[in-house]
Amino acid sequence: MFFFFAFTYVLKYSCTEHGGSQQTSDASWWPKPFVFEKSGLYVGYWSTVCEAWFQTRLQQIRAGHESVKKGNEWRGGAIKFQKATPILVQANNEAAQKFLHTYSPPL
């Protein structure tokens with residue numbers, strides 16, 4: 001499992017639609033780990049594609065072209081690529097477990 005150093009900001013604002021009550025929203029520079037793992041980019045390990053995405057986003061942040069995103073923005077498509085990726089991850093995990101069970105020396 002990979003963890004970004006994802007500092008999350010809690011944004012507070014007044015919502016006129018709800019009588020001026022205080023509302024909060026989380027925002028972060030990087031997706032939370034569970035969002036990243038379900039994104040379709042993560043294939044069970046930190047791949048060269050993950051690194052390329054990370055470096056591109058970092059460059060965009062440094063250049064001022066990207067900002068923090070709310071949770072729904074991350075889940076809503078900011079890093080979604082292939083819906084079938086979780087199936088690939090599961091198949092890889094099962095194949096690795098089977099291989100280790102078959103070829104590992106007994107403990």
Top-ranked residue in the stretch 51-83 [being without any contact (Cβ under 8 Å) to a residue 24 or more places away in the chain and aliphatic (A, V, I, L, M); ranked as surrounded by the most Cβ atoms within 10 Å (Cβ to Cβ)]
Leu58
Just a yes or no: is a residue in the stretch 39-48 modelled with pLDDT of 85 or more and in a helix (DSSP H, G or I)?
yes
So which residues in the stretch 73-94 are of a type in the set (Phe, Trp, Tyr) and either modelled with pLDDT of 85 or more or out of contact with any helix residue (DSSP H, G or I) (no Cβ under 8 Å at 6 or more places or on another chain) (or both)?
Phe81
Counting just the residues of the stretch 1-38 that are of a type in the set (Asp, Glu) and over 10 Å from the mean Cα position of the chain (by Cα), which one comes out modelled with the lowest pLDDT?
Glu17
Just to be sure, is Gln97 modelled with pLDDT of 80 or more and over 14 Å from Gly40 (Cα atoms)?
yes
Residue pairs meeting the criteria (Cβ under 7 Å; at least 6 apart or on separate chains; first exposed (fewer than 14 other Cβ atoms within 10 Å of the Cβ), in the stretch 32-50; second at pLDDT 80 or above):
Val49/Leu41
Would you mind telling me which numbered condition in (1) at pLDDT below 70; (2) part of a loop (DSSP other than H, G, I, E, B) Pro105 fails?
(1)
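The values are calculated or read from the model by the stated rules, or taken from the named source; none is laboratory data. Computed from a predicted structure; not experimentally measured. Here the Cβ is made from the backbone with ideal geometry for all residues, glycine too, and neighbour counts use every protein chain on show.
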